[in-house]
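Remarks on the structure that follows.
The values are calculated or read from the model by the stated rules, or taken from the named source; none is laboratory data. The structure displayed is predicted, hence computed values, not measured ones. Positions of Cβ are backbone-derived with ideal geometry, glycine not excepted, and every protein chain shown enters the neighbour counts.
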Amino acid sequence: MTTTANLTARQRFNHAVRCQPVDRAPMWLMRQAGRALPEYRKLKEKWTFVQLCQNPELAVEVTLQPIRRFGFDAAILFSDILVIPEAMGQKYHFKETGGVQMDFAVTSKADIEKLSVEHVVERLNYVEQALKMLRKELGDQTALLGFTGSPWTLATFMMEGASVPKYGRALQLFREDKQTFFALLEKLTAAVTVYLKMQIATGIDALQIFDSHGGHLAPTEFQEASGRWTNQIIASLGGKVPVIHFSLGTHGNWPDLIASGANILGIDWQTDLAEARKIIPAHIAMQGNLSPVLLAEATPKAVAAETNKVLETMRGRPGHIFNLGHGLTPAAKLENIQALVDTVKNFK
């Protein structure tokens, strides 16, 4: 019999996402694999970001780097949300100056018609291989997470064709021509669904849907432009693994998020955690929400103090996964990440 006194990291994570008792909050960090780690930067001297994603052995190595260094309870596959548009026929690369560039922007019905869902799983075989290898490597010791971007967030990138200061084209299409907008979102929803079903079949413990651009929508628009499509995906997965829904800047939409079908809601750093705790039902787990800026700009002592505050706020609440309120930045200091890890592990 497993008690909370002898949980493995994987068991701790799996208990917490189901709001079951744990010895302490499990932890992982969004973007924990990659830019902040010197061992990752060394690999980047030889390989591009896309090459690292598309080579299963290299993707496994990058995924495992933060687990070896910090002992997080969960590993998240090193990949990118834009593998979906690429598998549908819209390739991307990262510019030397930073940001994403896609081969073309989706700007017309004809562009949408060219996108194909048919070969998504086949074209993303490198993700399947990496996840299978990771499951074997991590065994029963560490949880493994898969992920995807939400259809809305993917559409915002696809319609701009690049990283841009202001993502306006998808919103304009939604407001001016819903029929065409829905045609794109239907394809994306189908692609994301088959992609996640493939990930589930590899043995992942949970998956996260990133709706990073959800906050670009007015609260009155959120459900129709983003929420309904994510809900459809979650429903189609049939509860086979727990789903984390991280929707940035949309916590004015608590009723919609609570009704999404997600087992865990990611809480962004701009949201008052104590208020969120009062609103979110006890059967839904909560993930978050330390500000990532602290890890780049504060001292280890300050990081430990703020980490403690998050943990105190969630004390006694089953189903808390410690995380940041957005992704780890490249400027995050290793000593600050270590201070966070030590504080979570030693919290009583």
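Details
- Residue check, LEU184 at negative phi and under 21 Å from the mean Cα position of the chain (by Cα): no
- One residue from GLN232, GLN199 being without any contact (Cβ under 8 Å) to a residue 60 or more places away in the chain, within 26 Å of LEU144 (Cβ to Cβ) and crowded, with 16+ Cβ neighbours inside 10 Å: GLN232
- Enumerated helices (runs of 4 or more DSSP H) restricted to the range 108-195, each holding at least 3 residues that are over 19 Å from ASP211 (Cβ atoms): 109-114, 120-123, 125-138
- Candidates LEU173, LEU138, filtered to the one that is closer than 28 Å to LYS240 by Cβ, surrounded by 16 or more Cβ atoms within 10 Å (Cβ to Cβ) and not aromatic (Phe, Trp, Tyr): LEU138
- If you go through the range 217-229 and keep only what is crowded, with 22+ Cβ neighbours inside 10 Å and farther than 19 Å from ILE84 by Cα, you end up with LEU217, PHE222.
- So ARG10, is it surrounded by fewer than 23 Cβ atoms within 10 Å (Cβ to Cβ), at pLDDT below 95 and either touching a Lys or Arg at 6+ places or on another chain (Cβ under 8 Å) or in a helix (DSSP H, G or I) (or both): no
- When the residues of the range 7-34 are filtered to those that are over 20 Å from the mean Cα position of the chain (by Cα) and aliphatic (A, V, I, L, M), the one that is nearest to CYS53 (Cα to Cα) is LEU7.
- The set of residues in the range 45-68 being in contact with a helix residue (DSSP H, G or I) (Cβ under 8 Å, 6 or more places away or on another chain) and either at pLDDT below 95 or polar (S, T, N, Q) (or both) consists of GLN51, GLN54, ASN55, THR63, GLN65.
- Condition met for PRO66 (surrounded by 23 or more Cβ atoms within 10 Å (Cβ to Cβ) and either closer than 22 Å to THR329 by Cβ or touching a strand residue (DSSP E or B) at 6+ places or on another chain (Cβ under 9 Å) (or both)): yes
- Matching option when the condition is modelled with pLDDT of 95 or more, more than 30 Å from LEU37 (Cβ to Cβ) and of a type in the set (S, T, N, Q), among SER260, SER291: SER260
- Close pairs from the range 56-83: first under 20 Å from GLN338 (Cα atoms), partner modelled with pLDDT under 95, Cβ under 8 Å, at least 6 apart: VAL62/GLY34
- Flag if ASP211 is buried (at least 24 other Cβ atoms within 10 Å of the Cβ), charged (D, E, K, R) and touching a residue at least 60 places away in the same chain (Cβ under 8 Å): yes
- Test: GLU86 is in a helix (DSSP H, G or I) and at pLDDT 95 or above: yes
- Each residue in the range 89-107 was checked for being surrounded by 18 or more Cβ atoms within 10 Å (Cβ to Cβ), modelled with pLDDT under 95 and in a loop (DSSP other than H, G, I, E, B), and 0 of them qualify.
- Each residue in the range 15-45 was checked for being in a helix (DSSP H, G or I) and under 26 Å from ASP80 (Cβ atoms), and 8 of them qualify.
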